[in-house]
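The values are calculated or read from the model by the stated rules, or taken from the named source; none is laboratory data. All figures in this text were calculated on a predicted structure; none of them were measured in a lab. Reconstructed Cβ throughout: ideal geometry from the backbone, glycine too, with neighbour counts over all protein chains shown. Each accessible area value is taken on the protein alone, full model and side chains, heavy atoms only, with ligands, DNA and RNA left out. Shrake-Rupley method; radii C 1.70, N 1.55, O 1.52, S 1.80 Å.
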Amino acid sequence: MSSPHVDGRTLRFQHRRPELLAAAAEYILEHGISGLSLRPVAQALGVTHATLLRHFSSKDELLLAVAEKVRTDLAAWLASDAELREAHSTAELVRALWRRLCEPQEQRQFLLLFEFVGHHGERSGEDEKLSRSIVHDWIGIIAGRLVADGWPPEDASALSTLVLAQVRGLQLDLLVSGDRTRADRAIDFAVRLLDRSPRAGGADEHG
């Protein structure tokens with residue numbers, strides 16, 4: 001049985017996929033996905049349109065690859081950041097996360113997430129898996145910290161979902177309004193509940 005023919009140009013550029021993906025992610029974070037087409041991306045990356053298509057067969061495939069890269073890069077950052085690892089409570093963790101996510105470079109990721117959700121609408125298959133990981137990676141980090149603070153696992157799951165919704169809602173507010181002072185006050189108010197862990201005697205204890 002003969003081996004399938006492999007285009008020599010594909011072999012030449014196959015080792016460049018991570019490099020191309022990193023550059024494409026940076027381009028898309030800077031320019032967004034509204035009106036995006038592959039030819040301007042290829043030109044900005046210094047490759048031909050055909051080369052980009054050999055690595056990413058369509059615009060949607062490229063967007064999915066970029067969104068997954070952004071997610072995995074963020075997950076690696078969350079796992080390696082010393083300030084986050086050394087947080088003494090969930091409230092401290094969320095406040096530290098908020099400060100970092102308000103930095104301009106990190107805000108681009110949230111803007112891309114909102115654009116991505118609007119662009120793709122209903123999801124299935126790989127899109128659905130990606131959307132779940134975007135949500136559950138965050139919930140897992142916050143819920144794990146809540147359990148360490150003394151919250152029952154079922155409450156930790158619900159509360160981390162609420163916290164994530166508040167953070168993302170305030171990120172969207174900040175992107176639209178630019179009012180950092182108001183957003184900071186809102187996040188501080190929202191995380192006060194997290195300081196009231198059952199271990200320390202929370203809202204359910206009276207007397």
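The modelled label-to-label distance between T48 and S80, using points 7 Å beyond Cα along the C-beta direction, is 3.5 nm. Evaluating 6.51 cos²θ - 1.76 cosθ + 1.60 at θ = phi - 60° for every residue in region 79-85, the Karplus couplings come out as 6, 9, 6, 5, 4, 6, 5 Hz, glycine and proline recorded as x. With every protein chain in place and a 1.4 angstrom probe, the accessible-area ranking of S160, S177, S57, largest first, reads S57, S177, S160. Using a probe of 1.4 Å, the accessible surface attributed to L29 totals some 30 Å² when neighbouring protein chains are kept in position.
The heavy atoms of R39 present about 150 square angstrom of accessible area, all protein chains included, probe 1.4 Å.
The HN-Hα couplings worked out from phi for region 16-30 by the Karplus form 6.51 cos²θ - 1.76 cosθ + 1.60 (θ = phi - 60°) are 9, 4, x, 5, 5, 5, 4, 5, 5, 4, 4, 4, 6, 4, 7 Hz, whole numbers, x standing for Gly and Pro. Treating r as the C-beta distance of R168 and A22 and R0 as 30 Å, the FRET efficiency rounds to 0.75.
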